[in-house]
Amino acid sequence: MITRSKSFFLKEPNSNDRIRIFCFPYAGGGASAYRNWSSYFPDYIGIYPIQIPGRENRITEDALTDMDELVDRIEVAMRPYISTKFLIFGHSLGAKISYEVCNRIREKKENEPCHLIVSGSRAPHIPEPEPLHNLKDSDFIEAMKRYSGMSKEFLENKELLKLFLPIFRADFTLDETYKFTRYEKFSFPITALYGDKDHDSELDSVEAWSEYTNEHFNKKMFHGEHFFIKTSEKEVVSYIKDIILRYV
């Protein structure tokens with residue numbers, strides 16, 4: 001029987017891992033967003049996408065709209081697996097979740113990550129300038145068209161939208177009702193990735209992540225819009241691989 005905490009993982013982390021990276025998906029996305037990543041890494045690097053409630057194999061569960069509750073549950077799930085060196089990665093909404101997971105790990109006085117890698121995201125203290133979660137369905141769907149990873153065919157498929165609209169709305173609620181609380185700076189480096197055509201993470205809002213660490217901060221631009229981690233996947237993963245190998 002799968003416990004609640006283990007259900008955050010598609011597979012249990014391997015005890016032979018020399019280092020791990022935990023990956024958090026974007027709004028409406030699931031762990032499968034990172035399905036190809038393992039093929040880019042040697043076996044001793046464990047790639048563990050986090051599956052949050054309401055996604056893919058957890059679609060029968062209610063999606064969470066409260067950041068504190070979600071982060072508390074994720075921290076409990078990760079706790080047995082962070083005695084090994086690890087990094088944390090998150091894209092878009094996943095970056096914000098990643099940041100809060102790092103804070104929760106620190107609060108619990110557990111082994112902190114070697115590095116936080118955020119992607120396609122403003123720094124946490126910068127709010128969404130055009131919130132969507134309270135819009136009526138037709139306006140909400142229209143507003144989602146600005147996210148380049150959502151195809152016109154998908155957004156015009158009524159059956160798919162009936163299934164996925166509650167998940168998207170829950171995620172935008174999670175993101176847009178998030179209340180930032182300033183914490184002390186992290187003692188590990190932060191790297192921020194962004195797309196050169198991504199209007200949802202302008203350069204100044206990406207550079208603001210530098211305020212969150214006492215260690216080295218670096219930013220890296222890739223070609224693409226908001227979902228550059230898909231369209232430039234090989235380049236993105238190669239860059240992340242170089243970061244991970246520093247710590248092996």
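Of the residues making up the range 141-152, not a single one is open to solvent by 10 Å² or more (accessible area, probe 1.4 Å), closer than 17 Å to TYR48 by Cα and of a type in the set (Phe, Trp, Tyr).
When we screen ASP242, ASP198 for residues that are in a loop (DSSP other than H, G, I, E, B) and either closer than 23 Å to ILE105 by Cβ or over 15 Å from the mean Cα position of the chain (by Cα) (or both), the only hit is ASP198. Scan the range 183-201 for residues that are more than 19 Å from SER98 (Cα to Cα), of a type in the set (Asp, Glu) and surrounded by fewer than 13 Cβ atoms within 10 Å (Cβ to Cβ) and the total you get is 1.
Of the conditions (1) surrounded by 19 or more Cβ atoms within 10 Å (Cβ to Cβ); (2) in contact with a helix residue (DSSP H, G or I) (Cβ under 8 Å, 6 or more places away or on another chain), GLU110 clears all except one; give me its number. Condition (1) is where GLU110 drops out.
Once the range 121-140 is narrowed to residues that are under 17 Å from TYR183 (Cα atoms) and in contact with a Ser or Thr (Cβ under 8 Å, 6 or more places away or on another chain), the residue that is least open to solvent (accessible area, probe 1.4 Å) is ALA123. If ASN57 satisfies every condition in (1) assigned to a helix (DSSP H, G or I); (2) polar (S, T, N, Q); (3) farther than 30 Å from ASN134 by Cα but one, which is the exception? Condition not satisfied by ASN57: (3). Restricting attention to the range 173-182, and to residues there that are open to solvent by less than 40 Å² (accessible area, probe 1.4 Å) and in contact with a Ser or Thr (Cβ under 9 Å, 6 or more places away or on another chain), which single residue is nearest to ILE52 (Cα to Cα)? Looking at residues that are open to solvent by less than 40 Å² (accessible area, probe 1.4 Å) and in contact with a Ser or Thr (Cβ under 9 Å, 6 or more places away or on another chain), I get LEU174. Residues that are part of a helix (DSSP H, G or I), surrounded by fewer than 20 Cβ atoms within 10 Å (Cβ to Cβ), without any contact (Cβ under 8 Å) to a residue 40 or more places away in the chain and hydroxyl-bearing (Ser, Thr, Tyr): does the range 33-40 have at least one? Within the range 33-40, one or more residues are part of a helix (DSSP H, G or I), surrounded by fewer than 20 Cβ atoms within 10 Å (Cβ to Cβ), without any contact (Cβ under 8 Å) to a residue 40 or more places away in the chain and hydroxyl-bearing (Ser, Thr, Tyr). Filter the range 205-237 down to the residues that are of a type in the set (D, E, K, R) and in a loop (DSSP other than H, G, I, E, B), then identify the one that is farthest from ALA27 (Cα to Cα). Residue satisfying both the conditions and the ranking: GLU215.
Determine which member of the set VAL71, VAL118, VAL76 is open to solvent by 10 Å² or more (accessible area, probe 1.4 Å), within 19 Å of the chain's Cα centre (by Cα) and over 29 Å from GLU156 (Cα atoms). None of the other options fit; the residue is VAL76. Counting the residues of the range 15-49 that are at positive phi and touching a Cys at 6+ places or on another chain (Cβ under 9 Å) gives 0. Comparison of HIS223, HIS216 shows that the only residue that is open to solvent by 70 Å² or more (accessible area, probe 1.4 Å) and either within 24 Å of GLU110 (Cα to Cα) or of a type in the set (A, V, I, L, M, F, W, C) (or both) is HIS216. Within the range 13-30, the set of residues being outside any strand (DSSP E or B) and either surrounded by 18 or more Cβ atoms within 10 Å (Cβ to Cβ) or aliphatic (A, V, I, L, M) (or both) comprises PRO13, ASP17, PRO25, TYR26, ALA27, GLY28, GLY29, GLY30.
Looking only at residues in the range 226-248 that are touching a Gly at 6+ places or on another chain (Cβ under 7 Å) and open to solvent by 70 Å² or more (accessible area, probe 1.4 Å), the one that is nearest to GLY46 (Cα to Cα) is LYS230. Residues in the range 81-95 that are open to solvent by 10 Å² or more (accessible area, probe 1.4 Å) and at pLDDT 95 or above were compared, and the one that is nearest to PHE24 (Cα to Cα) is TYR81.
The values are calculated or read from the model by the stated rules, or taken from the named source; none is laboratory data. This is a predicted model, so every value here is computed, not measured. Neighbour counts run over all protein chains shown; Cβ positions are idealised from the backbone, glycine included. All accessible areas refer to the heavy atoms of the entire protein, side chains included, with ligands and DNA or RNA removed. Shrake-Rupley method; radii C 1.70, N 1.55, O 1.52, S 1.80 Å.
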